[in-house]
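What follows is a single structure, written as structure tokens, with notes after it.
The values are calculated or read from the model by the stated rules, or taken from the named source; none is laboratory data. Owing to the predicted nature of the structure, the values given are computational and were not obtained by experimental measurement. Glycine gets a Cβ as well: all are built from the backbone with ideal geometry, and neighbour counts include every protein chain shown. Areas reflect the complete protein model, heavy atoms only, side chains present, ligands, DNA and RNA absent. Shrake-Rupley method; radii C 1.70, N 1.55, O 1.52, S 1.80 Å.
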Amino acid sequence: EEVPDAVIPAASKKITSISSPLRAIVRLRRRYRGLKKSRLHLELPREKPAEFVHTRLLQRQLSLNRTSLYSPSMSFFNQSGFESSQYFTFDTSVEHYSVKKCRRKKSRRKSRMVLYPDKTKKYLPAEEKSKAKRCLLLLIAIIFFQILNAIENLDDNLQKYDLDGLEKTMHREVFGQKVAVESIVELLKDYLATHIHNKPLVISLNGPTGVGKSHVGWVLAKHFRSVMDNDFVLQYFVMHHCPSGVAPLTCEIDLAKKISDMVTRAEIEEKTPLFILDEVELMSPILLDTLSRFFEPNQTNEFLNAIYILISNLGGAEITKFVIQNASTELLHQQRGAEELLSIIQPVLVSVHPLWKAADIIPFVLLEKSHVINCFLEQMRREGLYPDQKHIENLANQLSYYTAGDKQYSSMGCKQVVAKVNLL
């Protein structure tokens, strides 16, 4: 059909009235997008794409909130297919606030992270060195060298007396008294390690007759005379130096003078004198009182640097009884047995005189028959005789013994060995 000419102008007018606002809206929308891109390009040139998208979403939300405040006609255009469109405005304070807030959050997030490049070395922060720590290390080094120097001095002092050689000699020449020999050497090593002491060393050798006490004193005197001068070793025999006809006061003055002169000379030459006092059980109470004064700790330094060896048969009966009762057990070779024997002997010695309270008591036990045979071999060697084993056993059988279980202990030790060998 043919449309009348009057209808066409009306329809075109209606379309024209609708399309004009649409074209205006499209032009505004394109211009707004161009301005927004240029502004974001100038303000955020270094931000990453994720940040850029986040900023655009914030701006879009703000623009939508503003358009909702306008007239219904504007909201109609916003809802009918133009939801993504935004309207240009010259009020950029809100947008700037959102961008700055986003930057502030991002900077805070970055400050908590420490990133290292993949191809660079990682260095820990340098620690400040304390001067007090250096002083402490220096002090420790000084103390270490002082201790090392003291140990070397102790070794030098012990080497001067050659106590290792003394120990070997005593083990070779003293039979059946291994525990006693080890105790004597240990006490000497502890005392002679230094020249400064708070009391003199007093060793008391106690036991029955013939067990090797006097022989140990003779070995000690011989050794110390070889490492020191003869002037610093004194062997005092009561029956020889103070016979029965001499007044005890005279013996006291003579003994005190000998001890005083020797310790004075030894102090000048920085040596330790040795006093070997045999047959102490025959000393008078006056001589024992004189000795006890030299054993006291409250003296001058020269009297503190001295060694006293007391040899006596006191406590021999208690030692003999203890050995026979415990012959079938291994108590004699244990530390508990030595402590038990010492607890028996010490009250007996202290009851004779209090000077034994300051002494280290070393008991000498009974000798077995095998030890007596070794005494015969050693004595025949010294006399230059041929040691016939069968002949020696016959000589050993002539001595008297205590029989305890399967063991035989000599009642006189090696006391009669010298007389028997001299008859050959």
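So here's what we get for this one:
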read-out	value
The range 158-366 - percent of accessible surface contributed by carbon and sulfur, probe 1.4 Å	55
Accessible surface, the range 372-422, averaged per residue in Å² (probe 1.4 Å)	59
Net lengthening on full extension, E182/H195 (0.36 nm per residue, minus Cα-Cα)	2.5 nm
Calculated FRET efficiency for the pair I140/E173, C-beta based, R₀ 60 Å, to 0.05	0.80
Pairs beyond 23 Å (Cα-Cα), from K222/K357; K222/K407; K213/K321; K369/K420; K160/K357	K222/K357; K222/K407; K160/K357
Under 5 Å, built H, 5+ apart or other chain: amide partners of S204	L310, D360, I361, I362
Solvent-accessible area per residue for the range 158-366 (1.4 angstrom probe, square angstrom)	46
Long-range HN-HN contacts of I276 with modeled amide H, under 5 Å	L234, Q235, Y236, I309
Taking only Cα atoms of the range 262-342, radius of gyration then Dmax in Å	17.7, 53
Calculated P(r) tail over 18 Å for the range 372-422, as whole % of Cα pairs	27
Under Karplus coefficients 6.51, -1.76 and 1.60, residue-wise ³J(HN,Hα) of the range 22-27 in Hz, glycine/proline x	5, 5, 5, 5, 5, 5
J(HN,Hα) series, the range 246-251, from Karplus relation 6.51 cos²θ - 1.76 cosθ + 1.60, nearest Hz, glycine and proline x	8, 5, x, 5, 5, 5
Translational diffusion of the range 158-366, µm² s⁻¹ [Kirkwood Rh, Cα pairs; Stokes-Einstein; 4 °C; 1.567 mPa s]	73
Residue-wise HN-Hα coupling along the range 221-238, computed from phi with Karplus coefficients 6.51, -1.76, 1.60 (Hz; x: Gly, Pro)	4, 5, 5, 5, 5, 6, 8, 10, 6, 5, 6, 10, 10, 10, 9, 10, 10, 4
